[in-house]
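Structure, as C-alpha coordinates:
The values are calculated or read from the model by the stated rules, or taken from the named source; none is laboratory data. Worth saying up front: this structure is predicted, and the values here are computed from it rather than measured. Because the Cβ atoms are built from the backbone with ideal geometry, glycine has one as well, and the counts that use them run over all protein chains shown.
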Amino acid sequence: MLACSLSKKDRIFVWMENTIHIEWESIDELPNVAEALLEACSALRVFTFTGDLGAGKTSLVKEICKSLGYGGNVTSPTYPVIAAYALADGKELVHMDCYRLKSEEEAEQIGIPDYLDSGAYCFIEWPGVIENLLPLNYASIQITTTSATGRKLTLNKHIL
(Lines give C-alpha, C1' and ligand atoms only; values in the text may rest on other atoms or scores of the structure.)
Protein backbone atom coordinates (compact mmCIF):
# COMPACT_ATOMS: atom_id res chain seq x y z
CA MET A 1 0.00 0.00 0.00
CA LEU A 2 1.30 3.43 -0.96
CA ALA A 3 1.00 5.98 1.83
CA CYS A 4 2.25 9.54 2.06
CA SER A 5 1.37 12.57 4.18
CA LEU A 6 2.01 16.20 3.39
CA SER A 7 1.07 18.90 5.87
CA LYS A 8 1.05 22.61 5.11
CA LYS A 9 -0.37 25.31 7.34
CA ASP A 10 -4.10 24.46 7.43
CA ARG A 11 -4.05 21.73 4.82
CA ILE A 12 -3.48 18.01 5.27
CA PHE A 13 -3.02 15.56 2.42
CA VAL A 14 -3.04 11.83 3.14
CA TRP A 15 -2.39 9.56 0.15
CA MET A 16 -3.19 5.87 0.15
CA GLU A 17 -3.52 3.49 -2.75
CA ASN A 18 -6.97 4.51 -4.03
CA THR A 19 -8.08 6.88 -1.28
CA ILE A 20 -7.05 10.45 -0.58
CA HIS A 21 -8.10 12.64 2.33
CA ILE A 22 -7.71 16.41 2.14
CA GLU A 23 -8.63 18.93 4.80
CA TRP A 24 -8.76 22.71 4.46
CA GLU A 25 -9.85 25.63 6.62
CA SER A 26 -10.42 28.37 4.04
CA ILE A 27 -12.09 28.68 0.64
CA ASP A 28 -8.82 30.34 -0.42
CA GLU A 29 -7.27 26.88 -0.41
CA LEU A 30 -9.65 25.43 -3.01
CA PRO A 31 -7.27 26.05 -5.96
CA ASN A 32 -4.69 23.81 -4.21
CA VAL A 33 -7.34 21.18 -3.48
CA ALA A 34 -8.49 21.21 -7.13
CA GLU A 35 -4.91 20.81 -8.38
CA ALA A 36 -4.29 17.93 -5.97
CA LEU A 37 -7.44 16.13 -7.14
CA LEU A 38 -6.57 16.53 -10.81
CA GLU A 39 -3.04 15.30 -10.20
CA ALA A 40 -4.25 12.29 -8.21
CA CYS A 41 -6.87 11.43 -10.84
CA SER A 42 -5.03 12.31 -14.04
CA ALA A 43 -6.35 9.24 -15.86
CA LEU A 44 -9.97 9.73 -14.78
CA ARG A 45 -12.64 11.87 -16.46
CA VAL A 46 -15.75 11.20 -14.36
CA PHE A 47 -16.02 12.62 -10.84
CA THR A 48 -18.96 12.34 -8.44
CA PHE A 49 -19.51 14.76 -5.56
CA THR A 50 -21.56 14.07 -2.44
CA GLY A 51 -22.04 16.04 0.75
CA ASP A 52 -24.62 18.05 2.60
CA LEU A 53 -26.18 21.17 1.10
CA GLY A 54 -23.62 23.97 1.43
CA ALA A 55 -20.66 21.62 1.89
CA GLY A 56 -18.85 23.10 -1.11
CA LYS A 57 -19.50 20.69 -3.97
CA THR A 58 -20.20 23.40 -6.55
CA SER A 59 -17.38 25.61 -5.24
CA LEU A 60 -14.93 22.75 -5.72
CA VAL A 61 -16.24 21.99 -9.22
CA LYS A 62 -15.75 25.69 -10.09
CA GLU A 63 -12.11 25.50 -9.00
CA ILE A 64 -11.50 22.27 -10.89
CA CYS A 65 -12.93 23.88 -14.04
CA LYS A 66 -10.59 26.86 -13.55
CA SER A 67 -7.64 24.50 -13.10
CA LEU A 68 -8.56 22.84 -16.40
CA GLY A 69 -8.51 26.22 -18.16
CA TYR A 70 -12.15 27.28 -18.17
CA GLY A 71 -12.43 31.00 -17.52
CA GLY A 72 -16.19 31.43 -17.65
CA ASN A 73 -18.84 31.34 -14.97
CA VAL A 74 -19.66 27.93 -13.47
CA THR A 75 -22.94 27.62 -11.57
CA SER A 76 -24.85 24.69 -10.13
CA PRO A 77 -27.06 23.20 -12.86
CA THR A 78 -29.81 22.23 -10.41
CA TYR A 79 -32.65 23.12 -12.77
CA PRO A 80 -31.17 22.40 -16.19
CA VAL A 81 -29.44 19.31 -14.65
CA ILE A 82 -26.59 19.50 -17.20
CA ALA A 83 -24.31 22.41 -18.09
CA ALA A 84 -21.55 21.98 -20.68
CA TYR A 85 -18.59 24.35 -20.94
CA ALA A 86 -16.23 24.53 -23.91
CA LEU A 87 -12.50 24.90 -23.38
CA ALA A 88 -10.31 26.92 -25.73
CA ASP A 89 -8.87 23.68 -27.19
CA GLY A 90 -12.37 22.49 -28.13
CA LYS A 91 -12.68 19.96 -25.33
CA GLU A 92 -15.76 20.00 -23.14
CA LEU A 93 -16.38 20.06 -19.40
CA VAL A 94 -19.76 18.76 -18.25
CA HIS A 95 -21.28 19.67 -14.88
CA MET A 96 -24.35 17.73 -13.75
CA ASP A 97 -26.58 18.10 -10.72
CA CYS A 98 -28.76 15.00 -10.37
CA TYR A 99 -30.55 16.20 -7.21
CA ARG A 100 -33.92 16.59 -8.97
CA LEU A 101 -33.77 13.41 -11.06
CA LYS A 102 -36.30 10.81 -9.98
CA SER A 103 -35.00 7.75 -11.82
CA GLU A 104 -32.24 6.20 -13.87
CA GLU A 105 -34.63 6.22 -16.84
CA GLU A 106 -35.03 9.99 -16.56
CA ALA A 107 -31.23 10.33 -16.58
CA GLU A 108 -31.05 8.19 -19.70
CA GLN A 109 -33.75 10.28 -21.42
CA ILE A 110 -31.77 13.49 -20.97
CA GLY A 111 -28.57 11.92 -22.31
CA ILE A 112 -26.44 11.46 -19.22
CA PRO A 113 -24.93 8.14 -20.45
CA ASP A 114 -23.81 9.88 -23.66
CA TYR A 115 -21.90 12.48 -21.66
CA LEU A 116 -20.36 9.83 -19.41
CA ASP A 117 -19.11 7.93 -22.46
CA SER A 118 -17.90 11.02 -24.34
CA GLY A 119 -14.41 11.25 -22.84
CA ALA A 120 -15.18 14.76 -21.54
CA TYR A 121 -14.54 15.67 -17.94
CA CYS A 122 -17.85 15.04 -16.13
CA PHE A 123 -18.49 16.48 -12.67
CA ILE A 124 -21.64 15.06 -11.08
CA GLU A 125 -23.26 16.40 -7.92
CA TRP A 126 -25.82 14.20 -6.14
CA PRO A 127 -25.01 11.07 -8.21
CA GLY A 128 -27.15 8.56 -6.27
CA VAL A 129 -29.83 8.06 -8.90
CA ILE A 130 -27.28 7.42 -11.68
CA GLU A 131 -24.86 5.12 -9.85
CA ASN A 132 -25.65 2.23 -12.20
CA LEU A 133 -24.83 4.42 -15.21
CA LEU A 134 -21.34 5.39 -14.02
CA PRO A 135 -18.38 3.99 -15.93
CA LEU A 136 -16.12 1.37 -14.35
CA ASN A 137 -13.40 3.96 -13.75
CA TYR A 138 -14.34 7.13 -11.89
CA ALA A 139 -13.58 9.16 -8.76
CA SER A 140 -16.07 9.64 -5.94
CA ILE A 141 -15.60 12.67 -3.70
CA GLN A 142 -17.33 13.07 -0.34
CA ILE A 143 -17.14 16.51 1.30
CA THR A 144 -17.93 16.97 4.98
CA THR A 145 -18.07 20.15 7.02
CA THR A 146 -15.58 20.30 9.90
CA SER A 147 -16.17 23.92 10.98
CA ALA A 148 -17.79 27.11 9.66
CA THR A 149 -15.13 27.32 6.93
CA GLY A 150 -13.35 23.97 7.29
CA ARG A 151 -13.95 20.96 5.11
CA LYS A 152 -12.71 17.40 4.79
CA LEU A 153 -12.70 15.62 1.46
CA THR A 154 -12.44 11.89 0.92
CA LEU A 155 -11.61 10.81 -2.61
CA ASN A 156 -12.03 7.18 -3.65
CA LYS A 157 -10.71 6.17 -7.04
CA HIS A 158 -12.77 3.38 -8.58
CA ILE A 159 -10.40 1.78 -11.06
CA LEU A 160 -10.74 -1.65 -12.61
Return the residues of region 15-36 that are within 22 Å of Leu134 (Cα to Cα) and modelled with pLDDT of 95 or more; say none if nothing qualifies. Ala34
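Just the residues that are among the β-branched types (Val, Ile, Thr) and either touching a Gly at 6+ places or on another chain (Cβ under 6 Å) or farther than 21 Å from Arg151 by Cβ (or both), please, taken from region 58-104.
Going through region 58-104, the residues among the β-branched types (Val, Ile, Thr) turn out to be 58, 61, 64, 74-75, 78, 81-82, 94.
Those that are among the β-branched types (Val, Ile, Thr) and either touching a Gly at 6+ places or on another chain (Cβ under 6 Å) or farther than 21 Å from Arg151 by Cβ (or both): Val81, Ile82, Val94.
Please find, among Ala55, Ala107, the residue that is surrounded by 17 or more Cβ atoms within 10 Å (Cβ to Cβ) and part of a loop (DSSP other than H, G, I, E, B).
Values: Ala107 fails: part of a loop (DSSP other than H, G, I, E, B).
Unique residue meeting the criteria: Ala55.
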Find all pairs meeting these conditions: Cβ atoms under 7 angstrom apart; at least six residues apart or on different chains; first residue within region 46-67 and within 18 Å of Glu23 (Cβ to Cβ); second residue of a type in the set (Gly, Ala, Ser) and assigned to a helix (DSSP H, G or I). Leu60/Ala34; Glu63/Ala34; Ile64/Ala34
For region 94-104, which positions are surrounded by fewer than 22 Cβ atoms within 10 Å (Cβ to Cβ), within 17 Å of Thr58 (Cβ to Cβ) and charged (D, E, K, R)? Arg100
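Kindly establish whether Asp89 is of a type in the set (D, E, K, R) and either touching a Cys at 6+ places or on another chain (Cβ under 8 Å) or assigned to a loop (DSSP other than H, G, I, E, B) (or both). Reasoning before the result, please.
Numbers: of a type in the set (D, E, K, R): yes; either touching a Cys at 6+ places or on another chain (Cβ under 8 Å) or assigned to a loop (DSSP other than H, G, I, E, B) (or both): yes.
The answer is yes for Asp89.
Considering only residues that are part of a helix (DSSP H, G or I) and within 16 Å of the chain's Cα centre (by Cα), look in region 113-126 and name the one that is surrounded by the most Cβ atoms within 10 Å (Cβ to Cβ). So that I can check it myself, show each step before the final result.
Within region 113-126, the subset part of a helix (DSSP H, G or I) is 113-116.
After this cut, where a residue has to be within 16 Å of the chain's Cα centre (by Cα) as well, the list is 115-116.
On the way: Tyr115: 19, Leu116: 21.
Across region 113-126, the extreme among qualifying residues is Leu116.
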What number of residues within region 127-160 satisfy the criterion of being in contact with a strand residue (DSSP E or B) (Cβ under 9 Å, 6 or more places away or on another chain), surrounded by fewer than 19 Cβ atoms within 10 Å (Cβ to Cβ) and either part of a loop (DSSP other than H, G, I, E, B) or without any contact (Cβ under 8 Å) to a residue 12 or more places away in the chain (or both)? 9
Considering every residue within region 3-14, establish whether at least one is modelled with pLDDT of 95 or more, over 30 Å from Asp117 (Cβ atoms) and either in a loop (DSSP other than H, G, I, E, B) or polar (S, T, N, Q) (or both). no
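Consider Glu105 carefully, then state whether it is charged (D, E, K, R), free of Cβ contacts under 8 Å to residues at least 12 places away in the same chain, farther than 25 Å from Ile20 by Cα and out of contact with any Pro (no Cβ under 8 Å at 6 or more places or on another chain). Lay out the reasoning, then the answer.
Values: charged (D, E, K, R): yes; free of Cβ contacts under 8 Å to residues at least 12 places away in the same chain: yes; farther than 25 Å from Ile20 by Cα: yes; out of contact with any Pro (no Cβ under 8 Å at 6 or more places or on another chain): yes.
Against the criterion (charged (D, E, K, R), free of Cβ contacts under 8 Å to residues at least 12 places away in the same chain, farther than 25 Å from Ile20 by Cα and out of contact with any Pro (no Cβ under 8 Å at 6 or more places or on another chain)), Glu105 qualifies.
What residue, among those in region 89-109 that are of a type outside the set (D, E, K, R) and out of contact with any Asp or Glu (no Cβ under 9 Å at 6 or more places or on another chain), is farthest from Glu125 (Cα to Cα)? Steps first, answer last, please.
In the first step, residues of region 89-109 are kept if they are of a type outside the set (D, E, K, R); the result is 90, 93-96, 98-99, 101, 103, 107, 109.
Remaining after also requiring out of contact with any Asp or Glu (no Cβ under 9 Å at 6 or more places or on another chain): 90, 93-94, 101, 103, 107, 109.
Numbers: Gly90: 24, Leu93: 14, Val94: 11, Leu101: 11, Ser103: 15, Ala107: 13, Gln109: 18 Å.
Checked region 89-109; the qualifying residue farthest from Glu125 (Cα to Cα) is Gly90.
Could you list, in sequence order, the residues of region 71-86 that are in a loop (DSSP other than H, G, I, E, B) and either farther than 22 Å from Glu35 by Cβ or within 15 Å of the chain's Cα centre (by Cα) (or both)?
Within region 71-86, Val74, Thr75, Ser76, Pro77, Thr78, Tyr79, Pro80, Val81 meet the criteria.
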